[in-house]
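J.: This structure is in structure tokens; I'll ask about it shortly.
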Amino acid sequence: MTRIDDLPLANLAVATDEDGIATVTLNRPAKRNALNAATIEELVTLFSALPRAGVRAVVLRAEGPHFCAGLDLVEHLHAGRTAADFMHVCLRWHEAFNKMEYSGVPIIAALKGAVVGGGLELASAAHVRVADVSTYFALPEGQRGLFTGGGATIRVADLVGKARMIDMMLTGRVYRGEEAVAVGLCQYLVEDSESKAYELARAAAQNPPLSNFAICSAISHMQNMSALDAAYAEAVVAGVVNTQGEARGRLEAFADKTAARVRPD
Ligand code: 1HE
């Protein structure tokens with residue numbers, strides 16, 4: 001088992017509680033949690049170790065009033081990167097965000113303030129997004145003379161569709177509130193995104209880890225497959241998950257009528 005609480009992190013902070021809920025904090029509020037190269041390396045390190053750390057769910061939150069301002073534009077300005085250099089920067093972003101999306105551990109993002117550019121790419125690598133009334137989403141790359149490089153063409157397009165993503169990038173359109181929920185940028189809009197994120201993380205943590213592993217990795221993998229291969233992979237995954245010991249006890253509880261029934265609130 002890997003210990004993640006002791007990892008040498010500066011731009012992130014991590015703490016795990018006794019229920020196995022890890023809190024990962026973007027901890028660069030003076031720079032609005034802009035993603036510099038060092039922060040991306042910390043995300044790679046952390047999310048490489050996290051699936052083997054016995055963590056049952058993650059709340060991804062931020063210090064300060066903004067979730068994340070995206071690419072560190074000042075670092076990028078001064079770094080004098082070549083095209084090849086920036087391609088490698090993007091590959092590290094992909095490494096970090098793929099580690100998250102395919103981790104097999106539920107990641108619930110507690111959003112607030114700006115979730116823009118690379119900040120939206122980061123949020124879209126989480127499995128559930130919870131916004132509050134201060135949260136707003138944008139892809140200002142076009143206005144900055146840039147293009148997305150952290151997976152937005154895959155994940156944001158997947159959330160909102162190609163036409164909306166192109167509109168956001170061309171015109172700087174900002175989504176917030178109920179409209180952001182309606183277009184798929186977030187699944188919840190609440191007063192307090194952090195407390196809702198913990199509530200969701202604790203609910204997810206009640207599921208057997210093997211079920212969550214399948215939910216938080218297999219669905220993403222299957223989206224990369226042909227329908228025929230995805231159906232085959234689904235059968236294989238279900239064969240393993242649906243015959244696990246932890247399922248048996250839950251099925252017995254249903255059969256003997258001690259398990260909770262599915263009801264509307
Ligand atoms: C930054 C960054 C940043 C703030 N890189 N340093 N992303 C953007 O285009 C968004 C850019 N940021 C903003 O629009 C605003 O900063 C915010 C709306 C997020 C916040 O506004 P505000 O008024 O609270 O803060 P501020 O005064 O603009 O910034 C405070 C400090 O944070 C300041 O540093 P200081 O040393 O002068 O105090 C800013 O420079 C710093 N800061 N945002 C660097 N993004 C893989 S490709 C991905 C491509 C993209 O992500 S493009 C979208 C980039």
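J.: Calculate how many DSSP beta bridges within the chain are antiparallel, expressed in % of all such bridges and rounded to the nearest 5. Provide the component values of the computation, followed by the final result.
T.: Details: 7 of 27 bridges.
Taking every DSSP beta bridge within the chain, about 25 percent pair in antiparallel fashion.
J.: Something else: Quick one: helix 227-241 against the long Cα principal axis of the chain, what's the angle to the nearest 10°, folded into 0 to 90?
T.: Its long axis makes an angle of about 50 degrees.
J.: A follow-up question, please. Which percent of the accessible heavy-atom area of region 157-252 goes to carbon and sulfur, probe 1.4 angstrom?
T.: On the way: 3410 of 5850 Å².
Carbon plus sulfur share of accessible area: 58 percent.
J.: DSSP beta bridges in region 50-188, what fraction antiparallel, as a percent rounded to 5? Let's see the in-between values first.
T.: Working: 2 of 13 bridges.
Once the DSSP bridges in region 50-188 are tallied, antiparallel ones form about 15 percent.
J.: List the relative contact order of the chain as a percent without decimals, with contacts defined as Cα pairs under 8 Å and 6+ residues apart.
T.: Details: 461 pairs, mean separation 44.5, N = 265.
Relative CO of the chain lands at 17 percent.
J.: Within a Cβ distance under 12 Å of Ala204, other residues only, what is the Lys/Arg minus Asp/Glu net charge?
T.: Details: positive: Arg56, Arg202; negative: Asp19, Glu199.
Summing Lys and Arg as +1 and Asp and Glu as -1 gives 0.
J.: Once each part is reduced to its C-alpha centroid, what is the distance from region 106-155 to region 79-99 in angstrom?
T.: 17 Å
J.: Here is a follow-up. What is the helix-to-structure angle for 37-49, meaning the angle in degrees between its Cα long axis and the longest Cα principal axis of the chain, kept from 0 to 90 and rounded to the nearest 10?
T.: 10 degrees
J.: Further question: Within the chain, what's the longest run with no GluC sites (Glu not before Pro) in a DSSP loop and at most 10 other beta-carbon atoms within 10 Å? Give the range, please. Walk me through the intermediate numbers first.
T.: Values: sites that count: Glu18, Glu191.
The reported range is 19-190.
J.: For the chain, what does the accessible surface come to per residue with a 1.4 Å probe? Please give it in Å².
T.: 50 Å²
J.: Show which lysines lie in cross-link reach of Lys112 when reach means a straight Cα distance below 26 angstrom and same-chain residues fewer than eight apart are skipped.
T.: Leaving aside lysines fewer than 8 places away in the same chain, those within reach of Lys112 are Lys31, Lys99, Lys162, Lys196.
J.: Continuing with the same structure: State, in angstrom, two size descriptors of the chain derived from its alpha carbons: Rg to one decimal place and Dmax to the nearest whole number.
T.: For the chain, the Cα radius of gyration and maximum Cα-Cα distance read 19.0, 67 Å.
J.: Moving to a separate point now. With springs connecting C-alpha atoms under 10 Å apart, model the chain as a Gaussian network and identify which of Gly142, Gly151, Gly104 has the largest mean-square fluctuation.
T.: Answer for the Gaussian network model of the chain: Gly142.
The values are calculated or read from the model by the stated rules, or taken from the named source; none is laboratory data. As the structure is a computational prediction, the values presented were derived from the model and not from experiment. Backbone-built Cβ (ideal geometry, glycine too); neighbour counts: all protein chains shown. To get the accessible areas, we keep the full protein, side chains included, count just its heavy atoms, and leave off ligands, DNA and RNA. Shrake-Rupley method; radii C 1.70, N 1.55, O 1.52, S 1.80 Å.
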